[in-house]
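*Asks:* Would you mind keeping the following structure in view while I ask a few things?
The values are calculated or read from the model by the stated rules, or taken from the named source; none is laboratory data. Computed from a predicted model, the values in this text were never measured in an experiment. Note: ideal-geometry Cβ built from the backbone for every residue, glycine included; neighbour counts use all protein chains shown.
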Amino acid sequence: MANTFFQFKKFIVHQEHTSMKVCTDACLFGGWLAKEAPIQNAYTILDIGTGTGLLSLMLAQANDTVSITALEIDPMAAKQAAQNFSLSPWANRINGIENALQNFVKESSCKNFDCIISNPPFYEGDLLSPDVQKNLAAHSTALPWETLIDNTYHLLKEGGFFYVLVPSLRAYTFQKIASQKGIHLDTEITIYNSSMTGPFRSILKFAKAVDFNKQIMRQRINLKDMDNNYTAEFTNLLSPYYLHL
């Protein structure tokens, strides 16, 4: 029987009550975020769709003064994330909230987060699962990208950064929507399983700025080398977190 938890070096993620489990691309996203200067220097971070709380926990480990608000619409996932936060060394700095983003933006008094992160639902127009919880986590019907970006704009401070993980094939669509809403692409990291495969995920970094005139930085990350071992870049990003790196 598979473990119902994922053990990291400094925290544990229980996930038996969430449909979207800890996965490699989400861990890579968190490891890359943790190296970002705006994340390391942030006083406030909003995690939209926190799920198990994985990203919030990784960033709380990387920044020892940041205050993180972790938003989750699914009641079971929100409860699981709250448990994971309470068991971590950073329970006093991560606030789990069960709410829809659309309601949160109306009710919250905080409208100037330094950074906002999200690993959002991304299946658009695909067949829905009979599992309602899985649909909330994986399909964008509850949180269309336009809604995510529009509300992010209102919650992010001027000069702040928005980070999101999306399928590579839909990265351009996300960029186009964001630019129409006044959030500008700063960096795109394209993720490949190896040099022999096509891209499957993209990390997009956006800036909220009135005057934005910067050349977009584009990079790639391979998870595995030709011998099917983790690459040095992957190991560098995840070694603070994975037990066996």
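*Asks:* Out of the residues in segment 6-40 meeting the condition of being closer than 18 Å to Ser67 by Cβ and in contact (Cβ under 8 Å) with a residue 40 or more places away in the chain, tell me which one is surrounded by the most Cβ atoms within 10 Å (Cβ to Cβ).
*Replies:* Gly30
*Asks:* Tally the residues that are crowded, with 22+ Cβ neighbours inside 10 Å, part of a strand (DSSP E or B) and either more than 16 Å from the chain's Cα centre (by Cα) or without any contact (Cβ under 8 Å) to a residue 24 or more places away in the chain (or both), restricting the search to segment 161-184.
*Replies:* 1
*Asks:* Also, quick follow-up: Can you tell me which residues in segment 85-99 are over 17 Å from Leu46 (Cα atoms) and in contact (Cβ under 8 Å) with a residue 12 or more places away in the chain?
*Replies:* Scanning segment 85-99 gives Leu87, Ser88, Pro89.
*Asks:* In segment 214-224, which residues are assigned to a loop (DSSP other than H, G, I, E, B) and either modelled with pLDDT of 95 or more or β-branched (Val, Ile, Thr) (or both)? Walk me through how you get there before you give the answer.
*Replies:* Initial filter on segment 214-224 (assigned to a loop (DSSP other than H, G, I, E, B)): 214-216, 223.
Scanning segment 214-224 gives Ile216, Leu223.
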